[in-house]
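Taken together, the values in this text are just the output of simple stated rules run on the coordinates, not laboratory data. Everything numeric in this text was worked out from a predicted model, so none of it was measured. All Cβ positions, even for glycine, are placed from backbone atoms using ideal geometry, and neighbour counts span all protein chains on display.
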Amino acid sequence: MNSFLQNIGILRDLLDLSLAILIVSRLARLLKGVLALRILAILSGLVALHLLARFFSLQTVRLIVDLILASSVVGLAVIFQTDIRRAFATLARSRTEKDVEMSDVIDELVFAVAGLAQKKIGALIVIERAISVDSYLAVGTDIDAKVTSELISSIFLPYSPIHDGAVIIQHGKLTKAGCFLPLTQNLEVSKSLGTRHRAAIGLTELVDAVVVVVSEETGTASVIVAGKKTDVIDMPSLGKTLRRLVEPRWLK
Ligand SMILES: Nc1ncnc2c1ncn2[C@@H]1O[C@H](COP(=O)(O)OP(=O)(O)OP(=O)(O)O)[C@@H](O)[C@H]1O
């Protein structure tokens, strides 16, 4: 009887250790290409494992699972830092400020984009939303002017001294031009895209800004949000998209 119980004990320890090794190797593999939904699945799996380990008194498995669960708080804060910052920035924003007439801003912008696209003049226009873009901009010239289609178009004319780089719209005003943005490091971005598009993708991977790009090569306009590029079919649909994305409170 004694030796039977001893054998059961050894088997349980073996099961405990094998499960512990399996968990660590699987987690290491999963965390490589992590996605929000995957994280949720992993966390649910870990909680289930914790309960199972408790039920079967698997001490090593329980120790590892508990350690991973405890340290996942820090991991989640790092992975979702942009979303957390966005949520705080939105909360912190006062709701009593007067709305800027954002409809006019978008109309002017769409008119400028239509003209630039028709003439195949490259352009890069950043519309800041809840998160400030300031710390991601290099060089550039301060402007602080009303957004008009004439101003945007003239900035991007090839002989303009500030046609290179991006124009920035903050709080409904054109605040800067000739700004250089961080390029995307994402290897999955198509190799056919040049630096103008890579800059737009790079910035929107870091902040929640909306970026409009006009391609010099094709005359196509596209809207880039959260690192995703969507080509504009026609100018009315660009206006509609921008109205949907740029809520008035983000332009205050
Ligand atoms: N880091 C950057 N930030 C902002 N603008 C940039 C940056 N790098 C390049 N640009 C702009 O992009 C222009 C070069 O565009 P390039 O032809 O490489 O890009 P593209 O995505 O292929 O665009 P296009 O379709 O207009 O050719 C530069 O002249 C400059 O104005």
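As a proxy for reagent exposure, 11, 181 were ordered by neighbouring Cβ count within 10 angstrom, fewest first; the result is 11, 181. Once the C-beta distance of residue 118 and residue 88 is scaled by a Förster radius of 41 Å, the resulting FRET efficiency is 0.50 to the nearest 0.05.
Karplus-derived 3J(HN,Hα) values for the stretch 168-174, using 6.51 cos²θ - 1.76 cosθ + 1.60 with θ = phi - 60°, are 10, 10, 10, 6, x, 10, 7 Hz; glycine and proline are entered as x. Along its first, second and third principal axes, ordered by size, the chain spans 93, 45, 33 Å in Cα coordinates. Pulled fully out, how much extra length does the chain show between residue 6 and residue 26, if you take 0.36 nm times their separation in residues and subtract their Cα-Cα distance? Working it through step by step, the gained length comes to 4.2 nm. Rounded to the nearest 0.05, what FRET efficiency do residue 77 and residue 243 give with R0 = 22 Å and r taken as the Cβ-Cβ distance? Could you check? It comes out at approximately 0.10.
Full extension of the chain segment joining residue 132 with residue 233 gains 33.5 nm, where the gain is 0.36 nm per residue of separation less the Cα-Cα distance. For the stretch 135-206, applying the loop criterion from DSSP together with a ceiling of 15 other beta carbons within 10 Å to the trypsin sites (Lys or Arg not before Pro) yields 191. Against the longest principal axis of the chain, how steep is helix 81-92, in degrees 0 to 90 to the nearest 10, with axes from Cα atoms? The angle comes out near 60 degrees. Where only DSSP H runs of four or more residues are counted, the chain gives -17000 deg cm²/dmol as its mean residue ellipticity at 222 nm, each run worth -39500 (n - 2.57). The GluC sites (Glu not before Pro) of the stretch 172-252 meeting both criteria, a DSSP state outside H, G, I, E and B (loop) and at most 14 other C-beta atoms within 10 angstrom of the site's C-beta, are 188, 217. The H on the amide N of residue 131, modeled in the peptide plane, is under 5 Å from the matching H of 208, each at least 5 residues off or on a different chain.
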